[in-house]
Amino acid sequence: MSQQKSQATLQRRNLVLESIRRLSGKNLRWVTGREIVQDLKAQGYAVEIHNIRRDLKALLPLHPQLEVNDNSKGYGNPINGLPHGYRWIGTDVEPATGLTLPEALSLVMVERYLSQSLPVLLTQSLHDLFQKAQQTLDLHKKSQVTHWPEKITVIQPAQTLLSPSIDSIVLSIVHEALLKERQIQVCYQSIYHKIGKEKNYRLHPLGLIQRGPITYLVAMANDYEDAYLYALHRIISAQLLDEASRQNDDFDLNVYAQKQGHFGSGETIFFKARIVDHLAATLSETPLHKSQVIMEDDKPGYKILQAELANTWQLRWWILGEGERIEVIEPKSLHDDVVNTISLTLQQYE
């Protein structure tokens, strides 16, 4: 037997023990072989009754906590109403099962899509667990569940940008400061300043915002009460301080992200635009906002769009990206900004 097959068999047997313990419950009812098969198949394992029979035959001599009711002569009809089954009677000892397929799959997906949002200290401790999760999937290639990561991917609906490089020490210190609610002293390079114009700040961290490829630290600087965004890749150095960071009870990271995370004023505006029918069809499926209303227009091939939207850079980028498919009507200030941008753009191509 190959090493990989041997590991798969060992893990399956551990899961058989876990299934018996869980299904048997506190009342220690007898669990049949077919119930074990159904339980493991529900978790995504490709098993049959003959696999379970062999596994239980091998497990019985090794685990005194595992009992068998064999008064029904194998897997035939039960005698005296008692089915041929198994139960785990060890109240202080539980079988070591490792990861189940659903657990392994969840961890693999977490590592792929959410690892950048996890604290560095936690990610380091989870490294072995992530590795074990991938090994668990590799051991059960016959199961359809293990192929799920190959059947899903995520793309961004905008131009892809490579993530900037973040100093690993800075990242670790920022995460630790957030977790422990401590101040940090940083040397920061603003994008608007020339090289050599670094500034030193004593920051009171409030949270992190992941905006596309860039991670921003939301923090209050020095003795100021207003929160600002600091791109982590522009923090040249950081030092964790002993002093506790100031906390703002009225601060809500999600609300702040919606207003400031896309830049711009974030204030709500009444947005009105003329859009082509094809764009109207798209927005009817994926609205800009729950307040969105699409109405008929006097101009053939067009619709009128109305919605209450946040005044952000992202809104302007979306409008400019739609090009000739949209004409901003209100507010006039936004209309004028778009016209001015298009005029300047045309000058670049003359």
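The values are calculated or read from the model by the stated rules, or taken from the named source; none is laboratory data. None of these values were measured; they are calculated from a predicted model. Methodologically, a virtual Cβ is constructed for each residue, glycine included, from the backbone with ideal geometry; neighbour enumeration extends over all protein chains shown. Please note that ligands, DNA and RNA were not included when accessible areas were found on the heavy atoms of the full protein model with its side chains. Shrake-Rupley method; radii C 1.70, N 1.55, O 1.52, S 1.80 Å.
Return the residues of the range 286-312 that are surrounded by fewer than 11 Cβ atoms within 10 Å (Cβ to Cβ) and over 16 Å from Glu330 (Cα atoms); say none if nothing qualifies.
Once the filter is applied, which keeps residues that are surrounded by fewer than 11 Cβ atoms within 10 Å (Cβ to Cβ) and over 16 Å from Glu330 (Cα atoms), the range 286-312 yields Thr286, Lys290, Glu296, Asp298, Pro300, Gly301.
Residues checked against (1) more than 30 Å from Gln239 (Cβ to Cβ); (2) at pLDDT 75 or above; (3) within 19 Å of the chain's Cα centre (by Cα):
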| position | (1), (2), (3) |
| --- | --- |
| Gly90 | yes, no, no |
| Gly98 | yes, no, no |
| Pro119 | no, yes, yes |
| Thr123 | no, no, yes |
| Val154 | yes, yes, yes |
| Val170 | no, yes, no |
| Val174 | no, yes, no |
| Lys180 | no, yes, no |
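Could you say which residue among Gln239, Gln185 is in contact (Cβ under 8 Å) with a residue 60 or more places away in the chain and either touching a strand residue (DSSP E or B) at 6+ places or on another chain (Cβ under 6 Å) or open to solvent by less than 60 Å² (accessible area, probe 1.4 Å) (or both)? Steps first, please.
Numbers: Gln185 fails: in contact (Cβ under 8 Å) with a residue 60 or more places away in the chain.
When all the criteria are applied, what remains is Gln239.
This table checks each residue for (1) assigned to a loop (DSSP other than H, G, I, E, B); (2) under 30 Å from Arg211 (Cα atoms).
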residue: Asp138; (1), (2): no, no
residue: Lys142; (1), (2): yes, no
residue: Glu150; (1), (2): no, yes
residue: Thr153; (1), (2): yes, yes
residue: Thr160; (1), (2): yes, yes
residue: Pro164; (1), (2): yes, yes
residue: Leu171; (1), (2): no, yes
residue: Leu178; (1), (2): no, yes
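Pick from the range 142-151 the residues that are open to solvent by less than 100 Å² (accessible area, probe 1.4 Å) and touching a residue at least 24 places away in the same chain (Cβ under 8 Å): which of them is farthest from Val186 (Cα to Cα)?
Ser143
Of all residues in the range 138-195, count the ones that are charged (D, E, K, R) and either farther than 30 Å from Ala46 by Cα or in contact with a Cys (Cβ under 9 Å, 6 or more places away or on another chain) (or both). Working first, answer last.
The first filter runs over the range 138-195 and keeps only residues charged (D, E, K, R), leaving 138, 141-142, 150-151, 167, 176, 180-182, 194.
Within this subset, residues satisfying the condition of being either farther than 30 Å from Ala46 by Cα or in contact with a Cys (Cβ under 9 Å, 6 or more places away or on another chain) (or both) are 167, 176, 180-182, 194.
Here the count works out to 6.
Would you say Tyr216 is part of a strand (DSSP E or B), closer than 30 Å to Glu322 by Cβ and in contact (Cβ under 8 Å) with a residue 40 or more places away in the chain?
Yes.
Go through (1) touching a strand residue (DSSP E or B) at 6+ places or on another chain (Cβ under 6 Å); (2) farther than 27 Å from Arg316 by Cβ one by one and return the number of the condition Lys180 breaks.
For Lys180, the exception is condition (1).
Can you pull out the residues in the range 242-268 that are open to solvent by 50 Å² or more (accessible area, probe 1.4 Å), in contact with an Asp or Glu (Cβ under 7 Å, 6 or more places away or on another chain) and modelled with pLDDT of 90 or more?
Ala244
Output the residue which, of all residues in the range 57-66 that are in contact with a Gly (Cβ under 9 Å, 6 or more places away or on another chain) and surrounded by fewer than 19 Cβ atoms within 10 Å (Cβ to Cβ), is nearest to His147 (Cα to Cα).
Step by step, filter the range 57-66, then rank; the result is His63.
List every residue pair whose Cβ atoms sit under 6 Å apart, with the two residues 6 or more apart in sequence or on different chains, where the first one lies in the range 35-53 and is open to solvent by 20 Å² or more (accessible area, probe 1.4 Å) and the second, anywhere, is hydroxyl-bearing (Ser, Thr, Tyr).
Asp39/Ser19; Gln43/Thr100; Ala46/Ser143
Could you list, in sequence order, the residues of the range 190-208 that are modelled with pLDDT under 90 and either hydrophobic (A, V, I, L, M, F, W, C) or buried (at least 17 other Cβ atoms within 10 Å of the Cβ) (or both)?
Ile191, Ile195
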